[in-house]
Structure formats: C-alpha cells, structure tokens
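Here is the structure we will look at, set down as structure tokens.
The values are calculated or read from the model by the stated rules, or taken from the named source; none is laboratory data. Bear in mind that the values here come from a model prediction, so they are computed numbers and not experimental data. Quick reminder, even Gly has a Cβ in these numbers, built from the backbone with ideal geometry, and neighbours come from all protein chains shown.
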Amino acid sequence: MSRPPLLVVALTAVAALLAGCSAAGASDSGASGAASSTAGAGTRTVASAHGDVTVPEEPQRVAAVSYDTTWNLMSLGVKPVTSLDYGPWIDEFSTEQQAFVEGVPTVGTFGEINVEAVTAAQPDLIIGTAEEVDEATYAQLSAVAPTVLVGGGSRGDWQVTTEQTAKAVGREAQWQESKAAFEQTRDRLKTQYADVIANNRWINFSLGDDASQFSVQQPTGATGNLLVNELGMTYGPGVPTDYNARGYASYPLEQLGSVFEGVTVALTFASADGSPNPGVQAIRDNPLFQRLPVAQSGHVYPMASSVTDYPSATAWLEELEQKVLSVL
C-alpha cells in the first residue's frame, strides 16, 4: 500500500492501503542503494535519501517516524521506541500489529512529526520515509540522532523500504529469510494456479477519493504489484494504464462499467477481522456495481490482509490462495 493503507481510507479513502513496487525485483537489483560499509568502531555507513549516514553498528533505540516504518521494523524483529499514532484506524490492523505497538510512545500522525516527542524517546537511530518527512523536519531529526530516510519509486514500494530499513538496523539476515519465504510462496502459486491466473482478467478495487468514487490499485501500489508484477495476472482491458507513483487512481462511480469491462475476478479490501469494510460495501451495494458481470457471477473477494513488508505480503498471498485461487 497497500498508504498508507488505512490512513488513506480516512484521508483519500484509498488504499494507496494499500499502495507496492512498480517493478518486481527492484530489491533484487539493489535499487535501494542502502548497501552498508564499515565506517569505524561501533558504527556503519548506510546510504539514504539524503546521502550517506553513519549509524550505530547495533542500534538499541530505533525511532519509527513514518506510517509503515513500524511494520517494516516489526517484520525484522525490531521493537521501535516510537511510532506514529494510528488513532481511529488502529482497529484496522491485525491483532499482532496492535499488540506490537501497544504502549509504544507516539510521535505524531502521518506527515506530522512531533520532534520534541522523538527527542524525549532518546533514540540512537531514527528511520522514516522520504515521502513523508520533508527536508526541514529531516534536519531537525538529524540533530537528535542519525536519521535514515528510505524510499522507493512509488508510494507502496515496501520491498525497497524494507530492504533499506533492514540494512539501516543491521537485520539483513532476517530480511533475506522473509524475502526467501515470500518468493517461495509466490513461485508455488504461480505454478500451481497458472491456469487460473492466465484464464481470468483481474482487478483490485477500493474506496475512491470521496463517496462518489471508487479506486483501482495499480501495479505501482502494494497489492496491485503483487497481482500484476509478482503473480503475472492481467488486469481487465478497461482498466486505465496511466499508472502513477501514488499506487492507485480514483474514478467516478459512473465509470464502473467501463473500468470493469472484461473483468472476471475482482479483489477488494475487508477490515482486519474479515468483516466488510463499510466504504467498500457501499460501492458493492451500488446498483451500478451490482449490474457488473463480475458482481453477478459472485467473483468479488474481500481480502483482510494488508501489505507492508515480506511477512505481510506472504500472508496476503496465502489468503489469496485460500479465498480465491483454490476455489476458482
């Protein structure tokens, strides 16, 4: 995002939730540029969006200051000393994620960082994303502790941000292990369900920028990337291909018929507990949606998993197999 995925529901009503990487394998190619080298006793040098940064060899107090950074760290087994405030959207996260951030001091919301609160946490390393942290805030944070801003080419480029975060905190082994598990699951699904993947035309839709719109998750978004780039699925011929770095595009509900042209399987988003997302359900209840062939066939599948890192992407693939691929 899949956004962040849940903040977008409130801010732009879209999962940008859910917004991924525009080119599968970007992390394989080393596009992150976060290779580390020894800089001296007890420190390493890592590359970031603002150039090389000297960081502790083994950081002990890592402050997360961007929306998905907390989940990137969770996937690496690193407990941050700060996190953003997920506020009313916390119930949209899994029980494991909620437990992970319980009691962690908060230092602001998406795009609005309280530098004083970060300072109070006494971090020895600060990590965020270049998209969310502007240069002025970066300068303030850098005066508190070494600050590494990570980022890929699109809003939901979790593959690159997770790799860069792993290198910043010295958890490359954990990153490699979770990446390998993801790739094993992905490759198995591509082989086992090759006919299902090839014989259908797909779409991944969600809330739009307002109640009169819906959105499509693009291959530059977290889940769109998994479908198109990683699994090799083909979107319906009516889905516009003018992709953007946000990872999604929003359209008026009146365009449901044209955008969903030729679609045989539609994926969308459910709440973390599997219950219907109210905004998505409103779209599904709209007469324009109910007239779509894919709706009438019953091949509309809400997915509860969000995607922010390799373990969550693997969970998303497993949910896709259980709910969709194995029953088609």
Flagged in the range 178-220 as assigned to a loop (DSSP other than H, G, I, E, B) and of a type in the set (A, V, I, L, M), in numbering order, are Ala211
From the options Thr109, Thr137, residue that is surrounded by 18 or more Cβ atoms within 10 Å (Cβ to Cβ), assigned by TED's automatic domain parsing to the domain that holds Val160 and hydroxyl-bearing (Ser, Thr, Tyr):
Thr137
Starting from the range 171-183, keep only residues that are not assigned by TED's automatic domain parsing to the domain that holds Ala315, then list their pairs with residues that are surrounded by 14 or more Cβ atoms within 10 Å (Cβ to Cβ) and basic (Lys, Arg) whose Cβ atoms are within a distance under 9 Å, requiring at least 6 positions of separation or different chains.
Trp175/Lys167
Anything in the range 277-313 that is farther than 30 Å from Thr161 by Cβ and part of a strand (DSSP E or B)? List them, or say none.
Val300
Subset of the range 147-163 (residues that are in a helix (DSSP H, G or I) and more than 18 Å from Leu227 (Cβ to Cβ)):
Val160, Thr161, Thr162, Glu163
Which one of the conditions (1) assigned to a helix (DSSP H, G or I); (2) of a type outside the set (S, T, N, Q); (3) under 20 Å from the mean Cα position of the chain (by Cα) does Val324 fail to meet, given that it meets all the rest?
(3)
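Results for (1) buried (at least 20 other Cβ atoms within 10 Å of the Cβ); (2) modelled with pLDDT of 95 or more, shown as yes or no for each residue.
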{"position": "Pro278", "(1), (2)": "no, no"}
{"position": "Gln281", "(1), (2)": "no, yes"}
{"position": "Leu288", "(1), (2)": "no, yes"}
{"position": "Ala304", "(1), (2)": "no, no"}
{"position": "Ala313", "(1), (2)": "yes, yes"}
{"position": "Gln322", "(1), (2)": "no, yes"}
{"position": "Val327", "(1), (2)": "no, yes"}
Of the conditions (1) touching a strand residue (DSSP E or B) at 6+ places or on another chain (Cβ under 8 Å); (2) not in a helix (DSSP H, G or I), Ala272 satisfies every one except a single condition; which number is it?
(1)
Can you name every residue in the range 41-70 that is modelled with pLDDT of 95 or more and among the hydrophobic types (A, V, I, L, M, F, W, C)?
Val46, Val53, Val55, Val62, Ala63, Ala64, Val65
Failed condition for Asn72, given (1) more than 14 Å from the chain's Cα centre (by Cα); (2) surrounded by 17 or more Cβ atoms within 10 Å (Cβ to Cβ):
(1)
Across the range 113-124, the tally of residues that are crowded, with 24+ Cβ neighbours inside 10 Å and among the hydrophobic types (A, V, I, L, M, F, W, C) stands at 2
If you check Gly221 against the conditions, is it modelled with pLDDT under 95, touching a Leu at 6+ places or on another chain (Cβ under 7 Å) and surrounded by fewer than 21 Cβ atoms within 10 Å (Cβ to Cβ)?
no
Would you point out the residue of the range 236-254, among those that are charged (D, E, K, R) and not in a helix (DSSP H, G or I), that is surrounded by the fewest Cβ atoms within 10 Å (Cβ to Cβ)?
Asp242
